[in-house]
Amino acid sequence: HKDPASFVDAAHLYSMSYYFFTFLGLPFTREPSLELIGFAIGGTLFLAGSYAVVIATCTNRLTTQLDRIATGMILLAFGSAAMAAVGRSDLSDGLKVPVRYTMFATMLQVGLLCLILPRAVRRFDSVQGRVFLCATGLLFAVVLLVMQGFIGRSAAQIAAVISRDADCYAQGPQSGSVNPVVTHYPDDAAKVLVALRQQGLLAPRSRDCTAD
């Protein structure tokens with residue numbers, strides 16, 4: 001728990017802000033080679049979403065039922081990112097935003113699309129305009145497909161690391177610290193493993209557990 005002074009110091013505020021925009025930039029921020037691009041995407045989406053919320057709050061321009069639903073989805077994404085930033089930015093692996101949070105970040109993207117697309121349809125009502133909208137929709141579909149690929153790749157990499165660490169831990173004492181995802185209580189877990197071995201319930205698995 002942080003005292004009020006340390007909660008608002010510059011380093012902690014930076015950590016929370018970085019986590020917030022990293023959250024909104026999912027899933028790209030989970031790919032090391034695209035981390036900066038993902039962070040920029042998160043910042044851009046935040047500006048666009050904030051602009052939409054201000055318009056919905058201070059004007060009568062966003063009054064349809066779809067507009068209200070879209071604004072609610074944007075606020076849901078902002079609220080989820082804010083809660084995660086406050087609650088997780090102090091963790092040792094806090095800046096590694098879980099890929100499962102992508103479902104909340106997607107609310108921001110969908111909300112913006114719900115605001116933009118109906119107005120784009122009314123604006124581009126010619127044949128050329130409809131072709132342009134179809135091409136834009138296809139582009140968005142491709143981007144969403146690419147995003148799903150990143151999500152799957154990231155999830156597979158994370159699962160592989162956890163599976164390896166768990167198997168290596170189950171085989172016996174290892175040098176170095178225990179991955180907290182495997183267990184937060186290694187001593188208690190070791191007793192359980194001993195009991196399982198004694199009863200022949202722990203089947204060994206072949207893993208290269210040599211420390212890197």
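The values are calculated or read from the model by the stated rules, or taken from the named source; none is laboratory data. Quantities reported herein were computed from a predicted structural model and do not represent experimental measurements. With ideal geometry, Cβ positions are generated from the backbone for all residues, glycine too; neighbour counts draw on all protein chains shown. The protein model used for the area step is the full one, side chains on, heavy atoms only, and it has no ligands, DNA or RNA in it. Shrake-Rupley method; radii C 1.70, N 1.55, O 1.52, S 1.80 Å.
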For this session: Measure off, as a whole percent, the carbon and sulfur share of the 1.4 Å-probe accessible area of region 35-146, all protein chains present.
Result: 73
Problem set entry | In nm, spacing of pseudo-spin labels at Ala195 and Phe124 (7 Å Cα→C-beta vector) | 6.4
Seminar exercise, completed: Residue by residue through region 125-139, the couplings from Karplus 6.51 cos²θ - 1.76 cosθ + 1.60 with θ = phi - 60°, in Hz, x for Gly and Pro, are 9, 7, 4, 4, x, 5, 4, 4, 5, 5, 5, 5, x, 5, 4
Seminar exercise, completed: Note on region 10-54: contact order normalised by length, alpha-carbon pairs under 8 Å, 6 or more apart, percent, works out to 32
Exercise. With the other protein chains left in place, how much accessible area per residue, in square angstrom, belongs to region 25-110 at a 1.4 angstrom probe?
Worked result: 54
Problem set entry | In Å², nearest 10: area of Met103 left accessible to a 1.4 Å probe | 120
Exercise. Counting Lys and Arg as +1 and Asp and Glu as -1, what is the net charge of the other residues whose Cβ lies under 10 Å from the Cβ of Tyr101?
Worked result: +3
